[in-house]
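Here is the structure we will look at.
The values are calculated or read from the model by the stated rules, or taken from the named source; none is laboratory data. Since the model is a prediction, treat every value here as computed from it, not as a measurement. Ideal geometry is used to build each Cβ from the backbone, glycine not excepted, and the neighbour counts take in all protein chains shown.
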Amino acid sequence: MPGDARLSAWLDRLEICNLIHRYSDAVNRADIAQYESVFAADALLESPALGLRYDGRDSIRAFLEPMSTYDVLIQTPHAPVVTLTGADTARAITTIHEVVRGLATMAGALTPRGTEINLEQYGTYYDAFERIDGEWKFTHRLFVPTYARRDCVSGDVLTARTALAGPH
């Protein structure tokens, strides 16, 4: 691979890793606008093991927006492995560590709606990306949970997630 092509491939991988981190940052800060900005209009977000499937950016937003009320939702991505599959397509596998505490806004495999969520979990995202109008976007996010521990998130919330917007 010539030098320019290698540099371009590295820059694409870096942009995709940044996209993965921007998603987790949006989760952590309950930044709804940023949630939307990382997905293609027709993206799919799903976790069959948790009974979740959301087709399209509007549906994904409707799923993520109520989570902004959780006291704690911290998602940390670990070591994304990015594979370029074409000039404008790519895939990635990323391990996720998440802690969640708040009132369940929807029924899920781990917690019925309206009950307290208090868990730590690990899982893996299997992602597909496409470069759309010069920007990488998620076209498919598949979350596969691998570990969950309940009733373990303790401590005091010192700053509300929605107050973490900070200066840009």
Which ones in the range 49-91 are over 14 Å from Ala104 (Cα atoms), acidic (Asp, Glu) and in contact (Cβ under 8 Å) with a residue 40 or more places away in the chain? Asp88
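Before we move on, is Glu120 among the acidic types (Asp, Glu) and either out of contact with any Cys (no Cβ under 9 Å at 6 or more places or on another chain) or in contact (Cβ under 8 Å) with a residue 40 or more places away in the chain (or both)? Working first, answer last.
Values: among the acidic types (Asp, Glu): yes; either out of contact with any Cys (no Cβ under 9 Å at 6 or more places or on another chain) or in contact (Cβ under 8 Å) with a residue 40 or more places away in the chain (or both): no.
The answer is no for Glu120.
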Members of the range 58-74 that are surrounded by 18 or more Cβ atoms within 10 Å (Cβ to Cβ) and under 13 Å from the mean Cα position of the chain (by Cα): Ile60, Leu64, Met67, Leu73
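Table: residues versus (1) out of contact with any strand residue (DSSP E or B) (no Cβ under 7 Å at 6 or more places or on another chain); (2) at positive phi; (3) not aromatic (Phe, Trp, Tyr).
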position: Ala87; (1), (2), (3): yes, no, yes
position: Leu103; (1), (2), (3): no, no, yes
position: Gly134; (1), (2), (3): yes, yes, yes
position: His140; (1), (2), (3): no, no, yes
Somewhere in the range 45-61, is a residue modelled with pLDDT of 95 or more and of a type in the set (Val, Ile, Thr)? no
